[in-house]
Amino acid sequence: MAYAALTSAVCSLDLFLKCDHPLLNNLRRKEEILSLCKRIIAFQEFLTDYEKIKHRHEGLKLLEGKINEKTYQVEDIVDSKLRKYFLAKNANCRRKAYSVLFRRLQVAVEEMEFIRNEAMKIKGDKISTLKFHSKVSPAMLVRSPSGQQKPVGFQDELEKIIDRLRHGPRELDIISIVGMAGIGKTTLAKRAYNDPLVVNRFEVRAWTTVSQEYREKDILFDFFYQVVPPTNEMNQESYEQAAYQVYDGLMNHPPKEIYEGSEDEIADRLKKSLKRKRFLIVVDDMWSTAAWDNMSRLFPDDENGSRVILTSRLIDVATYANPDRQPHQLNFLNNDEGWELLCQKLFGKRGCPSELEEIGRSIAEKCQGLPLAIVVVAGHLSKMSKTPDCWNSVAESVGSVVNREPGQCLDILALSYKYLPQHLKACFLYMGAFPEDFEIPVWKLIRLWIAEGFLNATVLMTVEEIADECLEDLIGRSLILAEKWSNGKLKTCKLHDIMRDFCLEEAKRQNFLHVLKHSLSVLSESEITALRRVSFNCSTIYASYSFQPTDRTVSVSRSILGFNISQSSIFSYIDFKLLRVLDITFQHFPQFPSEIMQLVNLRYLALATGSEFFPPVSQFWSLQTLILHVYSRDSTLPRDIWKMQNLRHLRVKPSIRLPSPIKEERKNSSVLNNLQILANIAHADCTKDVFSSTPNLKKLGICETVEYTYPVQIPWSDFLYTSENLWPYCSESVSALWSDCIRDLALLPQLEALKIVGLKPPVQVPKLALHLDALPENLKKLTLSFTYLPWESMSSLCRLPNLEVLKLKNYAFTGPKWEHVEEGFVSLKLLLIEVSDLEEWSASNDHFPCLEHLVLKSCLRLNSIPHDMGDIPTLQIIEVENSSQSAAFSAKEIQEEQQSFCNDTLEVRIGRNFWRVNVVATP
């Protein structure tokens, strides 16, 4: 992870330059730091090339240890010396700390450059990216087995592919199959390739496996033996034998009797051999668009129904090959299919003994529908006694079984990781820090990647935009699974358990991350001194995790992620000074921990505390993300939060008071220019001074009551304060506050998402309805909760031209009837109504011309969904959960009517009934 270490070092130096410290007003010092950053970045470019060619020369491999040691040293120097700089007591101490930082870093960078020069001497004056050379299996080596076993899974996709092969357009059609490693892409392609109806349709059939280590000449020779007929002097048997010899490396070139000539000549002859013939070509395991461009030039389009099947792990490659058709994307087998495949591999037609079925189904289920994992586990089980005890031992460690089988699953998964770009490798391995089956919020993952320093902004893109692209890239490479979407945006993602096991093994091997999975885990001091990140997936930290805070220990650990810590204080056992990430919201601290104040290098802090008063926080000079779960009646952030110029994300649950910046301080650049998310602050603090000091805010949450669920050990009585304490304003003041608040939102030109959580009765309802017309037109998402607005006020929201998401929760609007007038929501894509007393709702499809997703939850009195909603051409999903029986019936009626019009795209989901209201079950 040398590349990631240097990226983080550059990130620290960049944040240092942006903190506007008086010492850096000296232009010479800024230029010194910028010069070192450029040299570090240049070494990163060297690392990118080095990773591609190190396996080509033994001397380069020997440099790997030196490279890792030196890059980590650079990161350690930057973080440790910057910490001393910001903890210095006076200006003289800061100047001394800066001098030490610059000198030590300069020496370390020079040593890195010396290593680079060593590498250049080994490989010549210029290190360039080389093409990989690998053998490519001819078609006769990869053709499908006889097909005696019954195929399992993907039957619908198989039928669609065979239909495209046999029918469809006369033009050449590229059929793309995409999915993660081991999902069954090649198997599905073989099933289609060898289907008798397909075999009889094509004059020429050929198969080649491209692989990541692609060499064009190998592909040409592989096709040559399958497509070009043998000469008169050579019979078919000797022809195929020659193909095997080329493949096995016994000959460097095809024999003279077959062909001699340049690659272009071979390609030309291949294309001519395919001319005017109906052919089926399978291009298996394609990794790049450039390789596809080289391949596709071989395929003539004579409009005779020829076809090409392409398989790839990369969505962008599959889409590039045929941008006019969606790829066939393979999903995981369901539990029954997984069990069927396991039985088939183990017992054939005999069937599984009854005493093994329950545990066998459990084993198959733990493979989570990944065919490769099921096959590997089946191979392991086939070598064991078929007894419940033996199978139980496998059920307890399916992931370990899969990953320790040599040359099988792990090697196939490792390929996807091996060929990741350098900047993505750390992002991917970091996914292993999250617990098994954990749905990872995308916003959290991105904030952590940024805090770790894996990514840096560019002139054209913010670091958040780069992180979004990285996540899309990893999903497109079938390494990360997209889970929940909302309005076309990914909300959560996760790892397949087998892929997570690979992450943990690789992260441990590289000393990148260590995960404590249970309370009895043993983590020695020798291990922790070599680790930079620790994730606690256990509930208790025991004294066995106690470490002496030696200089070596302090210098390496950068991140602590706690997902289930509750029974003991993490600070009783861990004392790391250079932490950048501290995420421990699962543990409740009665008071703000004083130990945190020493962690001045924090970039990400997530904490749960009952403290009413917070210490000064401006010394967290590089803090970008601050997440607080505050369990107290009246808490106020410290005023010096306005000095945290690198802060980008401030999220507090349930809400907190935010003091306005002092005008004198604002003149001294006390403005949070980088702050993008602010949630949740009290309504009274939504002032002109606050908004003008956060000019680039994109998301704002205003919260005046509790809307969240907290850990059991926090008594709910703490939150049940009286309405007078919650909202100590008279009704006239309330109206004036809302008026000022909404009017001042105009000071936030970047604002896209607004959430307002209002009041609970018997508090006087604020006259928010009078001011809705002043909401900024740039809003794309609006969430209202406990606002008790009349349905007549909905017309004010219709005037928001860019509104795409509207969520109405907890009596956001009240009254028995919602009747639309002429105006509608011109851009709305998602509408959610949750916990409402609405009874009658009348609307037409014209009121929601772009609606894609309608969600109704806990609407117990709703008579029906407007019938015309089914005529909205963009509507894809209607969800009805825990609502009236009549609402559920009307949703099904809308779906049935659309089906009668041959519209099968509308999906209706009837959720579980928690209120004992009878609803229609989803078929």
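General observations
- Computed from backbone phi with θ = phi - 60° and the Karplus coefficients 6.51, -1.76 and 1.60, the 3J(HN,Hα) list for segment 502-516 is 5, 4, 5, 5, 5, 5, 5, 4, 8, 6, 9, 7, 10, 10, 8 Hz; x is used for glycine and proline.
- Above-threshold pairs, the threshold being 19 Å between Cα atoms, out of Lys18/Lys643; Lys781/Lys807; Lys489/Lys781; Lys781/Lys829; Lys383/Lys517; Lys494/Lys653: Lys383/Lys517; Lys494/Lys653
- Partner aspartates and glutamates whose Cα lies under 12 Å from the Cα of Lys366, excluding those fewer than 8 positions away in the same chain, are identified as Glu396, Glu436, Asp437, Asp497.
- Anisotropy class of segment 284-329 from Cα gyration tensor, a/c 1.5 cut: oblate
- Potential extension, Glu896-Lys18 segment - 0.36 nm per residue separation minus Cα distance: 310.1 nm
- Cβ crowding within 10 Å averaged over residues, with 322-328, 640-646, 107-113 ranked highest first: 640-646, 107-113, 322-328
- Rounded percent of accessible protein surface that carbon and sulfur make up, segment 290-418, 1.4 Å probe: 46 percent
- For Val821, neighbours were defined as the other residues whose beta-carbon sits under 13 Å from its Cβ, and their charges (Lys and Arg +1, Asp and Glu -1) total -3.
- Most to least packed among 800-806, 179-185, 904-910 [average Cβ atoms within 10 Å]: 179-185, 800-806, 904-910
- Charge context of Ala606, other residues only, Cβ under 12 angstrom, K/R +1, D/E -1: +4
- Estimated FRET transfer efficiency (Lys66, Gln212; beta-carbon r; R0 41 Å; 0.05): 0.90
- Alpha-carbon centroid distance for the pair segment 282-346 / segment 680-706, whole angstrom: 49 Å
- In the context of the full set of protein chains, residues of segment 44-111 present 51 Å² of accessible surface per residue (probe radius 1.4 Å, heavy atoms only).
- Each residue, Glu171 and Cys850, gets one label point 7 Å from its Cα in the Cβ direction; the gap between the two is 3.0 nm.
- Ordering of 2-15, 852-865, 738-751 by packing [mean C-beta count within 10 Å, highest first]: 2-15, 852-865, 738-751
The values are calculated or read from the model by the stated rules, or taken from the named source; none is laboratory data. From a predicted model like this one, the values you see are computed outputs, not experimental measurements. With ideal geometry, Cβ positions are generated from the backbone for all residues, glycine too; neighbour counts draw on all protein chains shown. Ligands, DNA and RNA are excluded from the accessible area calculation, which covers all protein heavy atoms including side chains. Shrake-Rupley method; radii C 1.70, N 1.55, O 1.52, S 1.80 Å.
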